[in-house]
Every structure is written in structure tokens, then in C-alpha cells.
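Worksheet for the structure shown next.
The values are calculated or read from the model by the stated rules, or taken from the named source; none is laboratory data. The shown structure was predicted, so the numbers you read here are calculated from the model rather than taken from an experiment. As a convention, Cβ positions derive from the backbone with ideal geometry for all residues, glycine included, and neighbour counts pool all protein chains shown. Note: accessible area is taken over every heavy atom of the protein model, side chains too, but ligands, DNA and RNA are not part of it. Shrake-Rupley method; radii C 1.70, N 1.55, O 1.52, S 1.80 Å.
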Amino acid sequence: MSFGMSYEAMKEELAKRLKRSRFIHSVGVSETAAFLAGRFGVEEQKARVAGLLHDCAREFRNEDMIAEAQKRKIAIGAVEQAMPLLLHAYIGAKRIREIYQVEDKDVEQAIWRHTVGGPQMTALDKIIWFADMIEPGRDYPGVENLRQLAKEASLDDMMLAGFSQSIQFVVAKGHLIHPDTVLARNELLLKKIR
Ligand SMILES: [Fe+2]
Ligand SMILES: [Fe+2]
């Protein structure tokens, strides 16, 4: 792993590129991820950096996501085509090297998967995904329950509750469910049943 910039320097750069509310959200995810890293034995610095930079590609406008993804040879599936905003996760995973001098496969993967999840998520992937759901700025029905689980549940029980809640939200809004999200939740559930 190599972090060419200090955490503070990354923060300064990010603050210049994101609107204020998203920057504050990013710092919230970073701090929440650091807490979860401590609880679940994940390297704290990776969690902090991945949390801080997870939304770094939100500096691009929604209508530019497809072009930015193509520029980086990122495959665009049917669901991403219909909801280009999802691409910010994959573009962000590339962007950390381009702008923030982060060369770290674990951090890259955690950012790649922070929105829809994925198969065989690592503890770092899970922590970033979950921190994004519960950082202090989040406010939706059910968030308090998830915050409680972050303090006392096992990593997989916490994630299962998070995915179940997130899938219900997305369905209630009438949106598409990304196949990777179904995969991630099924995997957690199958582990429990077995
Ligand atoms: Fe995001
Ligand atoms: Fe986010």
C-alpha cells in the first residue's frame, strides 16, 4: 500500500472538489469507518482513507458519469446505464490514484463496492458500505437501529440488516436493484442458514 499524501492533504483536496454537504458527509463516513475498523480489527488508516474518498467522484455531474466511466474503460452494465449515478463508485475507485496518490487495492475495492456491494466482501468493503449508511449526518427511519447494530452486532448480522433495509428502500422507490446487492445479501443469508 502507498499513500503518497497525508490524510490532511487529501482532506484539503477533497474539500476543494466536493460541495460542502458532501464533503462533511465524507468526513463523517471516514470517522464512522475508523470506529468500525477498531471494532472489527481492520486497519484503521485504510478505513479512514477509503471513507474519506469514497464519494470523491461525486465531483462529476450525473450527466457526465457515463463519459467519465468510458474514459477509464469501466464496463457499464444495464443497471448502471439506467442509473449512471451508480458509476461514481467505480470512477471514484480509479480517481483515488489519479488525484489523491492512493495506490492500494483494498481501498480501491472498498470504494468500488461502496454503493451496491458485491460478492465476497472483505471486512473493509463491509465497513465502508455500512459507514456510508450510518454516518452522523444520515437521517432516515431505521437509521438508529442500524447505529445500534454497529455497536453490538457481529459484522455479518450488521451487514445483513443494512442490505435488507437498503433493498427495501430501493424497492419502495420503484428503482432497480443491482444484481451485486442481491448477491451480497444472499451470501450473508446463506452463511446463516448453513
Ligand atoms: Fe457514494
Ligand atoms: Fe456516500
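Take segment 109-132 and flag every residue that is open to solvent by 20 Å² or more (accessible area, probe 1.4 Å), within 17 Å of V182 (Cβ to Cβ) and within 13 Å of ligand 1 (Cβ to nearest atom). Selection gives R113, T115. For D106, the criteria (1) in contact with a Lys or Arg (Cβ under 7 Å, 6 or more places away or on another chain); (2) open to solvent by less than 20 Å² (accessible area, probe 1.4 Å); (3) away from ligand 1 (no atom under 16 Å from the Cβ) hold in every case but one, which is (2).
Looking only at residues of segment 36-70 that are among the charged types (D, E, K, R) and more than 14 Å from I99 (Cβ to Cβ), we find that the one that is surrounded by the most Cβ atoms within 10 Å (Cβ to Cβ) is K46. When residues in segment 75-98 are screened for being more than 14 Å from ligand 1 (Cβ to nearest atom) and either crowded, with 18+ Cβ neighbours inside 10 Å or at pLDDT below 95 (or both), 1 of them pass.
Taken as a whole, the condition of being within 16 Å of ligand 1 (Cβ to nearest atom), small (G, A, S) and under 25 Å from A150 (Cβ atoms) applies to A50.
Kindly indicate the residue of segment 93-139 that is part of a helix (DSSP H, G or I) and among the acidic types (D, E) and also nearest to ligand 2 (Cβ to nearest atom) among those meeting that condition. Result: D132.
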